[in-house]
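The values are calculated or read from the model by the stated rules, or taken from the named source; none is laboratory data. Worth saying up front: this structure is predicted, and the values here are computed from it rather than measured. Here the Cβ positions follow ideal geometry from the backbone for every residue, glycine too, while neighbour counts run over all protein chains shown. Note: areas computed on protein heavy atoms with side chains; ligands, DNA, RNA excluded. Shrake-Rupley method; radii C 1.70, N 1.55, O 1.52, S 1.80 Å.
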Amino acid sequence: MQQFRRFEFKYIITPTEAMAIRNRLLSVGMQYDSAARGENHTYIVNSLYFDTPRADDYYDKAGGFLRRKKIRIRIYTPKLIPETPEIWLEKKEKYDTLTSKKRIELSQDAYNALIHGPYLPILKNEHEFDVMITESMRPHIEVRYLREPLVWPHQSNLRITFDSHIEATKNSDLRLSRVFREVLPKQIVMEVKFLGALPFWFHQKIPEFSFQ
């Protein structure tokens, strides 16, 4: 089990704004995350979201509730294949801007059981995910995008990401091919993630973007 806890703020910006912000962040010493080994320091994020039969988690998010959760399976390839190196089952809970995330790595067999079989044999010792059983959650939506991550080498929990080419489709299995629909075309989602205080230079270097 891996656990994370941090504040998260999201901003929808234009590609021009993203370029300006990225250049300023690099100028003060932020670096590309070493995990971003793809072209232009990017990698693919691909998630299969679970929800209740009434889509309760979706409506909690759409309604802007302070307390909400997400359950998803996440990979870092366009499609799940037998050679996919990492498959993560994640539970993300949010209260206002404070986020906690717990995740466990799945084998291909465990993934297959979650998609097609009963959850109990896989989750019987993973009580953080009991809600998948009690709320009869099933996979519904696949979302994928290209992520460009920056990190602050002097503060390991500060991370700023730029997500582009965001697309989504109805799906129940990351091994299936689907026709995706573009989300937020020609826009970038920038996310600022940190725990504790932001570095002193943050507000000084990019004041015109009104980060509050």
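Structure above, values below:
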quantity	calculated
Failed criterion for Arg72 (all others in (1) surrounded by 14 or more Cβ atoms within 10 Å (Cβ to Cβ); (2) touching a residue at least 60 places away in the same chain (Cβ under 8 Å) hold)	(2)
Matching option when the condition is small (Gly, Ala, Ser), surrounded by 12 or more Cβ atoms within 10 Å (Cβ to Cβ) and in a helix (DSSP H, G or I), among Ala110, Ala168	Ala110
Filtered residues of region 44-67 (kept if assigned to a strand (DSSP E or B) and at pLDDT below 95)	Arg67
Subset of region 14-29 [of a type in the set (Val, Ile, Thr), in a helix (DSSP H, G or I) and open to solvent by 30 Å² or more (accessible area, probe 1.4 Å)]	Thr16
Unique residue being among the aromatic types (Phe, Trp, Tyr) and open to solvent by 90 Å² or more (accessible area, probe 1.4 Å) when the list is Tyr58, Tyr11, Tyr32, Tyr43	Tyr58
Extreme residue, most open to solvent (accessible area, probe 1.4 Å), among residues of region 46-55 that are at negative phi and not β-branched (Val, Ile, Thr)	Arg54
Pairs where the first residue, in region 15-33, is over 15 Å from Trp201 (Cβ atoms) and the second is surrounded by fewer than 13 Cβ atoms within 10 Å (Cβ to Cβ), C-beta under 8 Å, 6+ apart	Pro15/Lys186
Residues that are over 24 Å from Arg178 (Cα atoms) and among the hydrophobic types (A, V, I, L, M, F, W, C), drawn from region 66-102	Leu66, Leu98
Test: residue in region 197-205 that is surrounded by 15 or more Cβ atoms within 10 Å (Cβ to Cβ), at pLDDT 90 or above, on the phi < 0 side of the Ramachandran plot and not basic (Lys, Arg)	no
Residue that is surrounded by the most Cβ atoms within 10 Å (Cβ to Cβ) [pool: residues in region 113-152 that are β-branched (Val, Ile, Thr) and without any contact (Cβ under 8 Å) to a residue 24 or more places away in the chain]	Ile122
